[in-house]
Amino acid sequence: MPVPSATTRWGGIADGSFKPSGFFHVGERDGVYWLVDPDGGRFLSKGVDTVSFDQDKIQNSERVPYAEACRKKYGGVDAWRKAVANRLANWGFNTVGSWSDDAVATAGATPLAVTPNLDLGMSFAWQRNDRHPNEPPQDFPDVFDPGFDAHVRRWAHELCAERSSDQRIIGWFIDNELRWGADWRGTGNLLTLFRIMSAKTPGRIAANDWLRTRRRSRGRPAPAPSAADGEVFAGVVADRYFALAVAAIKAADPNHLVLGCRFAIPPPPAVIAAAGRHLDVISFNCYGPDANGALKAYAPTGKPCLIGEFSFRATDSGLPNTNGAGPIVPTQADRAAAFQRYVTAALKSRVLVGYHWFEHADQPAEGRFDGENSNFGTVTIQDRVYEELTRTMTVVNAKAEELHAAGSEATS
């Protein structure tokens, strides 16, 4: 019988592979990437997103059904935090994912890591759109605007500087699911999006100047931009976005990792290459039946990868499941099996350093703010545990480090 490995207080494998640095960092052993916890443990971030007492108001109302149920069950937020922290740890999770109440991380018997989301770039676009409601909205932040650099530096300082010594933080997500090109939100690429900004915006001016210079350098007139033009320009935007955002975060907090922007789908190769030049970890969300294609798409960066969101929904939950991403399966048993297949396959990749399930509790049947009404939860909206799913999560999470070491070394 194998001797159980010693673990750090964070749950990392304390086998002497890595040295402690006091903060989470990236390590590599035998060609396989790992996170290294503050005490030097070999660590995979196994997380759950949106761990929040007041998760999901019903669309167009002030009602929060999950909070209503938990207030009756626990009496208040503090008792809920303690119960949820211990429950997550018992399921083998070690990280509180994006959009969560970070206070959960220290409420239980075992400390959990956190991965806050800054919305660093999009907050600039949202503020600009609010100030100019009669102009075309910016679906991507205008990185050429001189105010963008000032904004991300100020925002990073406000959000990160005071927490620079917080050992719980693995790293910072810069943004979530930016529109790097054609996707469910529209068919336009970044060059098109920048060229339809308001006439005097720096982004529109920069895009038009870039296109004219590109045409002149090739001795061509200026017809409609080609797909190739769009891909090259996306790389230019990405390089500026990542350079400024990462510099802002590192200036405010030199101790923690920058975990990327949670790509929704693999963007143009030039964007991936830019991410690889600037980020510590590439993060992406992947709601397919497996993450293999996405992992292969980001592998050329040579950087470790973290799955920020994935999930499966079941029809036997009684929820509509008409709005929300990812596969729908018949039963909770099928949901558990899908989790096992997805994570087990992903762990074979040498670049994987974490996977975060979306999300903690189910969404309201009436729909949350954007209409999503799906069975994404580890618990129901009444805080009843999905036993089949969480039993499987517990088993897979317990074996994750072993599976990652064995599978990735075999396929490297």
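The values are calculated or read from the model by the stated rules, or taken from the named source; none is laboratory data. From a predicted model like this one, the values you see are computed outputs, not experimental measurements. Backbone-built Cβ (ideal geometry, glycine too); neighbour counts: all protein chains shown.
Annotations for the structure displayed:
- Considering residues of the range 248-307 that are touching a Leu at 6+ places or on another chain (Cβ under 9 Å) and of a type in the set (V, I, T) only, the residue nearest to D229 (Cα to Cα): V271
- Scanning the range 246-265 for residues that are touching a strand residue (DSSP E or B) at 6+ places or on another chain (Cβ under 8 Å), closer than 22 Å to A125 by Cα and touching a residue at least 12 places away in the same chain (Cβ under 8 Å) returns V246, I249, V258, L259, G260, C261, R262, F263, A264, I265.
- Evaluation of A337 against (1) over 30 Å from H25 (Cβ atoms); (2) modelled with pLDDT under 95 (one fails), failing number: (2)
- Qualifying residue in the range 353-372 (condition: within 19 Å of the chain's Cα centre (by Cα), at pLDDT 95 or above, surrounded by 20 or more Cβ atoms within 10 Å (Cβ to Cβ) and part of a helix (DSSP H, G or I)): no
- Residue check for C305: more than 30 Å from R153 (Cβ to Cβ), modelled with pLDDT of 95 or more and buried (at least 24 other Cβ atoms within 10 Å of the Cβ): no
- Residue count, the range 113-132 (criterion: in contact with a Ser or Thr (Cβ under 6 Å, 6 or more places away or on another chain) and among the hydrophobic types (A, V, I, L, M, F, W, C)): 1
- Scope the range 22-52; condition in a loop (DSSP other than H, G, I, E, B) and more than 16 Å from the chain's Cα centre (by Cα); matching residues: G22, F23, F24, D30, G31, D37, P38, D39, G40, G41, S52
- Test: residue in the range 108-126 that is over 21 Å from G22 (Cα atoms), out of contact with any His (no Cβ under 7 Å at 6 or more places or on another chain) and hydroxyl-bearing (S, T, Y): yes
- Selection count where residues are out of contact with any Cys (no Cβ under 6 Å at 6 or more places or on another chain), outside any helix (DSSP H, G or I), closer than 24 Å to V114 by Cα and not aromatic (F, W, Y), scope the range 252-301: 18
- Residue among N94, N129, N117, N90 that alone is polar (S, T, N, Q) and without any contact (Cβ under 8 Å) to a residue 12 or more places away in the chain: N129
- Among the residues making up the range 51-65, those that are buried (at least 17 other Cβ atoms within 10 Å of the Cβ) and either under 12 Å from D101 (Cβ atoms) or without any contact (Cβ under 8 Å) to a residue 12 or more places away in the chain (or both) are V51, S52, F53, Q55, V64.
- Subset of the range 373-402 (residues that are part of a loop (DSSP other than H, G, I, E, B) and on the phi < 0 side of the Ramachandran plot): N373, S374, N375, F376, G377, T378, T380, I381, Q382, R384, Y386
- Taking the range 353-378 as the range and being among the β-branched types (V, I, T) and over 15 Å from A314 (Cβ atoms) as the test, only V353 passes.
- Number of the condition not met by N134 [criteria: (1) part of a strand (DSSP E or B); (2) without any contact (Cβ under 8 Å) to a residue 24 or more places away in the chain]: (1)
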